[in-house]
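Chemist: The structure is given below, and queries will be raised subsequently.
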Amino acid sequence: MPLTIKRHKRMAVNICLSVLIGTFPIVCGIVTLHSLANRTLEQQSESATKAAIQQFNAMLDSAEGATSDTYRLAGSPCEDVQFLLREQATQRLFVRTVGVTLNDEFYCSSLFGKFFEHIRPTDYVNGQLLLSFGNVVTPDIPVLIYRKSENEKGALAVIDGRYVKNVLQHTGKGGNSVLIVGPRWMSSSGHVFTAEHKKFPIAETRISSKKYFFSVASGFNSGEVLRHIEKNYIDLFGVFIFLGLSAGAFTYWTLGRAIPPSQELKRALSAGEFIPYIQPIVSAEDESWIGAEILMRWNHSSDGLVSPDLFIPYAEHSGLIVPMTQSIMMQVAKQLAPISQKLSKGFHIGFNISNHHCHDIELIHDCQYFLNAFPKDSITLVLEITEREIIEPGATTYELFDRLNNMGVKIALDDFGTGHSSLDYLRKFKVDYLKIDKSFVSMIGEDSLSTHIIESILALSEKINLSVVAEGIETPEQQKYLKERKVKYLQGYLYSRPLPLDIFIEKINQASINNQAQAQLSNS
Ligand code: C2E
Ligand code: CA
Ligand code: CA
């Protein structure tokens, strides 16, 4: 069977398929876990950003409260407002210092009292918020300054950068969050940078506060997705690996199981993989093609052209040989009928018919269908029944052979001399031709027993008036020997190998053109 012919090729295909199928759940698992991790990280980053926004809003609300309560005091002497400023700085959460400004001159602070510093409103985002590297009190600790002003009066509330840093650290949840105020931003390590903040490589969320002029960005560094999977989904990943290995192993096992021959033959039959080859039979007189034997081939989808010896026994055993032969007969009828006028008159077309078919009355219909495809009497249908396979004739068999005989179908006894029932067959069925098996022909001139058998067959055929076909002729010596003994029909590689039908038709067409040209030449 082709299934067993190219084992390594099949094994390689099976391994590739199993690996492919086994990899599928693993790849699906990786994709699923990757998107799950991504989603989780995105959610984490979003909730961290929102939490930070909320807390910064609360801080700035506090600063806003401190400045709202104090900016109107601007212009009053520092001694008069200092106490009030201290009260605000003490009472307001997160606020470290409160001060008032007049015409952008910072002149009174809750911490120092009288104090002088010029304020540049343009340093503040929208005149409201400044993220500063530090101030005179704590030059190394960044501060977030909230400014409120109306006309020439103004107030400042300073929030300690360490609060900001705390918020960024605690809301980050394993990721990173930064506070962005205008052109500056503060990292969760508490450092302030003047540069555009680069996007986080993974799951970045950036939200701007609706109340104040700042935004918060959160996200994760590259490699975080894998770290997250490793940390949280390693068990699930194990499940996918297990599923992949199981699927691969199961596929390998299933593919490795031998497909029942009958199932494979059925598939091939419905795929139209059984095709006819044709080998010409020549007249011993002039070597013209007076007939042909149809030989089945399996044009296997992956194993190529398969010899009938490898699959006919399975086809016979399963009974599929009947529909397979029917398919071959239909293909031959379809292709040869259109060129039947180019074949010699009464051209013999022989099919090998197995024992199974000889018990099936359907054979009558198959032959009738075949004959009807051709113009009447243009061809002779020959059924070759082999002597190797013993036909147990029943009532149907006799009726069948009678009716075939009446239809003009000829019977050839194939492989004559190789079985034990040669004479029995000749008595029971009306046989028209004897085919001398190629095993005897190949021994001509080499083996005296084979030569003796051939001589006996020829003597017998002469006595009971049967025509003889010799098959398997490969050498001119064999041809000479058979011609000398008046064998009428010859078949073998010496004349032609079995051919695909289209090549045979091409040759017939060419011969017909040559004949016409010759006829015209002799007429002129
Ligand atoms: P067979 O009916 O005896 O067919 C003759 C075999 O001899 C063919 O082999 C043919 O290719 C081969 N042959 C022809 N000339 C020469 C030659 O000069 N030298 C050598 N060495 N061989 C030659 P193939 O085609 O491989 O068929 C083998 C057998 O398979 C056939 O033996 C026949 O028994 C069976 N078979 C083929 N087609 C069918 C079919 O459609 N139905 C059935 N039931 N059996 C078939
Ligand atoms: Ca044959
Ligand atoms: Ca034979």
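The values are calculated or read from the model by the stated rules, or taken from the named source; none is laboratory data. Remember, it's a predicted structure, so these values are computed and weren't measured experimentally. Cβ coordinates were reconstructed from backbone atoms using ideal geometry, including for glycine residues, and neighbour counts include every protein chain displayed. Note: accessible area is taken over every heavy atom of the protein model, side chains too, but ligands, DNA and RNA are not part of it. Shrake-Rupley method; radii C 1.70, N 1.55, O 1.52, S 1.80 Å.
Chemist: Mind checking the stretch 132-208 for GluC sites (Glu not before Pro) that DSSP puts in a loop (not H, G, I, E or B) and that have at most 11 other Cβ atoms within 10 Å?
Modeler: Passing sites in the stretch 132-208 are E196.
Chemist: Still on this structure, please answer the following. Kindly write out, for the stretch 342-358 in residue order, the coupling ³J(HN,Hα) from the Karplus curve 6.51 cos²θ - 1.76 cosθ + 1.60 (θ = phi - 60°), rounded to whole Hz, with x marking Gly and Pro.
Modeler: Those phi angles translate into 8, 7, 5, 4, x, 3, 7, 10, x, 10, 7, 10, 8, 3, 3, 5, 6 Hz.
Chemist: What lysines does K114 reach when the alpha-carbon gap must be under 23 Å and sequence neighbours fewer than 8 apart in one chain are set aside?
Modeler: Hits, sequence-local ones excluded: K148, K153.
Chemist: With θ set to phi - 60°, apply the Karplus curve 6.51 cos²θ - 1.76 cosθ + 1.60 along the stretch 470-475 and write out the HN-Hα couplings as whole Hz, x wherever there is a Gly or Pro.
Modeler: 9, 10, x, 7, 10, 10
Chemist: Rounded to the nearest 500 deg cm²/dmol, what is the calculated helix-only ellipticity per residue at 222 nm for the chain, with -39500 (n - 2.57) per DSSP H run of length n ≥ 4?
Modeler: The helix-only estimate for the chain comes to -15000 deg cm²/dmol at 222 nm.
Chemist: Oh, and also: Between the stretch 77-115 and the stretch 326-372, how many Å separate their Cα centres?
Modeler: Result: 116 Å between the Cα centres.
Chemist: Taking each full run of DSSP H in the chain as one helix, which ones are at least 20 Å long along their axis (Cα atoms) and have mean Kyte-Doolittle hydropathy of at least 0.5?
Modeler: Sorted by number, the helices that extend far enough and score high enough are 234-256, 321-336, 448-463.
Chemist: Follow-up question, since we're still on this one. Counting Lys and Arg as +1 and Asp and Glu as -1, each charge on the Cβ, what is the dipole of the stretch 276-504 about the Cα centre in debye, to the nearest 20?
Modeler: Once rounded to the nearest 20, the dipole reads 680 debye.
Chemist: Okay, moving on. Peptides 442-449, 272-279: what's the order by average Cβ count within 10 Å, highest mean first?
Modeler: Listed from highest to lowest mean packing, they are 272-279, 442-449.
Chemist: Kindly provide the trypsin sites (Lys or Arg not before Pro) of the stretch 240-302 that DSSP labels as loop, not H, G, I, E or B, and whose Cβ sees at most 10 other Cβ atoms within 10 Å.
Modeler: The qualifying sites are R257.
Chemist: While we're on this one: Considering only C-alpha atoms, what is the centroid distance from the stretch 129-177 to the stretch 398-471, in Å?
Modeler: 113
Chemist: Could you pull out every residue, at least 5 positions away or on a different chain, whose amide H is within less than 5 Å of the one on I202? Hs are placed 1.01 Å off N in the peptide plane, and Pro or chain starts have none.
Modeler: Hits under the 5 Å cutoff: F220.
Chemist: Now, a different point. Along the charge dipole of the stretch 46-106, which of T67, Q55, T90 sits closest to the positive end, that is, farthest toward it, with unit charges on the beta carbon of Lys, Arg, Asp and Glu (+1, +1, -1, -1)?
Modeler: Farthest towards the positive end: Q55.
Chemist: Note the full-extension length gain between D309 and T40 as 0.36 nm times their separation in residues minus their Cα-Cα distance, in nm to one decimal.
Modeler: So the chain would gain 90.4 nm between D309 and T40.
Chemist: Run the dipole for the stretch 32-220 about the Cα centre, Lys and Arg Cβ at +1, Asp and Glu Cβ at -1, nothing else charged, and hand back the magnitude in debye, nearest 20.
Modeler: With Lys and Arg at +1 and Asp and Glu at -1, about 620 debye.
Chemist: I'd like the distance between the alpha-carbon centres of the stretch 275-313 and the stretch 8-54, rounded to an integer number of Å.
Modeler: Cα centres, the stretch 275-313 to the stretch 8-54: 55 Å.
Chemist: Rounded to a whole number, what % of the accessible area of the stretch 369-524 do carbon and sulfur atoms account for, probe 1.4 Å?
Modeler: Carbon with sulfur: 51 percent of the solvent-accessible area.
Chemist: Next question, about the same structure. Of all DSSP beta bridges located in the chain, what percent are antiparallel, nearest 5?
Modeler: The answer is about 70 percent antiparallel.
Chemist: Now, a different point. So who's got an amide H within less than 5 Å of the one on H348, skipping anything under 5 residues away but keeping other chains? H placed 1.01 Å off N, in plane.
Modeler: Residues meeting the amide H criterion: G291, A292, T380.
Chemist: Let me ask something else. With a 1.4 Å probe and every protein chain left in place, work out the accessible area per residue of the stretch 276-504 in Å², rounded to a whole number.
Modeler: For the stretch 276-504, the solvent-accessible area averages 47 Å² per residue.
Chemist: Using the Cα centre of the chain as the reference point, and only Cβ charges (+1 on K/R, -1 on D/E), how large is the resulting charge dipole? Debye, rounded to the nearest 20.
Modeler: Dipole about the Cα centre, nearest 20: 1660 debye.
Chemist: I've got another one for you. At 1.4 Å probe radius, can you tell me the per residue accessible area of the stretch 32-220 in Å²?
Modeler: 49
Chemist: For the cross-link pairs K50/K231; K430/K463; K345/K410, which exceed 21 Å when the distance is taken from alpha carbon to alpha carbon?
Modeler: K50/K231
Chemist: Roughly speaking, to the nearest percent, how much of the stretch 32-220's 1.4 Å accessible area is carbon and sulfur?
Modeler: 51
Chemist: Just order 356-368, 207-219 by mean Cβ neighbour count inside 10 Å, highest at the front, would you?
Modeler: 207-219, 356-368
Chemist: Among L458, Q516, P500, which residue has its Cα furthest toward the positive end of the charge dipole of the stretch 383-524, with +1 on Lys/Arg Cβ and -1 on Asp/Glu Cβ?
Modeler: The Cα lying farthest towards the positive end belongs to Q516.
Chemist: Also, I was wondering about something else. When only DSSP loop residues count, what trypsin sites (Lys or Arg not before Pro) in the stretch 445-524 have their Cβ near at most 11 other Cβ atoms within 10 Å?
Modeler: The qualifying sites are K486.
Chemist: For the stretch 223-336, with all protein chains present and a 1.4 Å probe, just round the carbon and sulfur fraction of the accessible area to a whole percent.
Modeler: About 62 percent, which is the carbon plus sulfur part of the accessible surface.
Chemist: How much length is gained on full extension from I464 to Q169, taking 0.36 nm per residue of separation minus their Cα-Cα distance?
Modeler: 95.0 nm
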